[in-house]
1. In sequence order, what are the phi-derived ³J(HN,Hα) couplings for segment 73-88 according to the Karplus relation 6.51 cos²θ - 1.76 cosθ + 1.60 with θ = phi - 60°, rounded to whole Hz, with x for glycine and proline?
2. Please list the non-local residues whose amide H lies under 5 Å from the amide H of LEU93, H modeled 1.01 Å from N, same-chain partners needing a gap of 5 or more.
3. Relative contact order for segment 43-145: what percent, with Cα pairs under 8 Å and sequence separation of 6 or more?
4. Amide H to amide H, which residues 5 or more places from LYS137 or on other chains are under 5 Å from it, using H placed in the peptide plane?
5. Within 9 Å, Cβ to Cβ, of LYS137, how many net charges do the neighbouring residues add up to if Lys/Arg are +1 and Asp/Glu are -1?
6. LEU107's amide H: which non-local residues (gap 5+, or another chain) put their own amide H closer than 5 Å, with H modeled 1.01 Å from N in plane and none for Pro or chain starts?
7. What dipole magnitude, in Debye to the nearest 20, does segment 24-162 give about its Cα centre under +1 on Lys/Arg Cβ and -1 on Asp/Glu Cβ?
Amino acid sequence: MKQLTRTIALAAALAAMLAAPVRAEDVKAGDLVISQAWSRQTPSGAKVAGAYLTIENKGKTADTLVSGSGDVAGRIEIHEMAMDGGVMKMRPLDKGLVIEPGKTVKLAPGGYHLMLMDLKQPFKQGDKVPVTLEFEKAGKVALSLDVQGVGAQAPAGHDHPGTKK
């Protein structure tokens, strides 16, 4: 009976893992944990794409996301969407994005995000796009963006809008 219970539990755990949507793995760099890295499928001929992720600072000092790079794009910039006189505007964060100690910053549609410019090829749903982020303290961090469908608002298995806690 004990063996049967163990076999059923193992089968249930395996089924749950296989049914779960594919998600980017968490990446640890210094005191930072980067998770839920994703982008959207781009139309053929598109030269830009947005990228989104979550950065948690588990340390006691702030760190700053200062740049990004990757073979998939000519350049990667850190951007912010913000209201200016009743109009939503996008602007680059030339001094980077600070992640305060003990805080989590979400890069998500309609807020902070990465802009991948001069794309070398379109992103297709299901692709894993390698990029490197550079932080002031944690240094260079390699990760992959999970490419979701054209209208996705969150990575697979997540339905929440971007926020800064």
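Each reported figure results from applying straightforward, stated rules to the coordinates on display, with no laboratory input. In this text, all values refer to a predicted model and were calculated from it rather than measured experimentally. Cβ coordinates were reconstructed from backbone atoms using ideal geometry, including for glycine residues, and neighbour counts include every protein chain displayed.
1. Running phi through 6.51 cos²θ - 1.76 cosθ + 1.60 with θ = phi - 60° gives 9, x, 7, 10, 10, 9, 10, 9, 9, 8, 6, 9, x, x, 10, 6 Hz.
2. HN-HN under 5 Å from LEU93: ILE78, HIS79, GLU80.
3. Across segment 43-145, relative contact order equals 39 percent.
4. When sequence neighbours closer than 5 places are left aside, the close amide H contacts are THR64.
5. -3
6. Correct list: LEU53, THR54, ILE55.
7. In total the dipole reaches around 120 debye.
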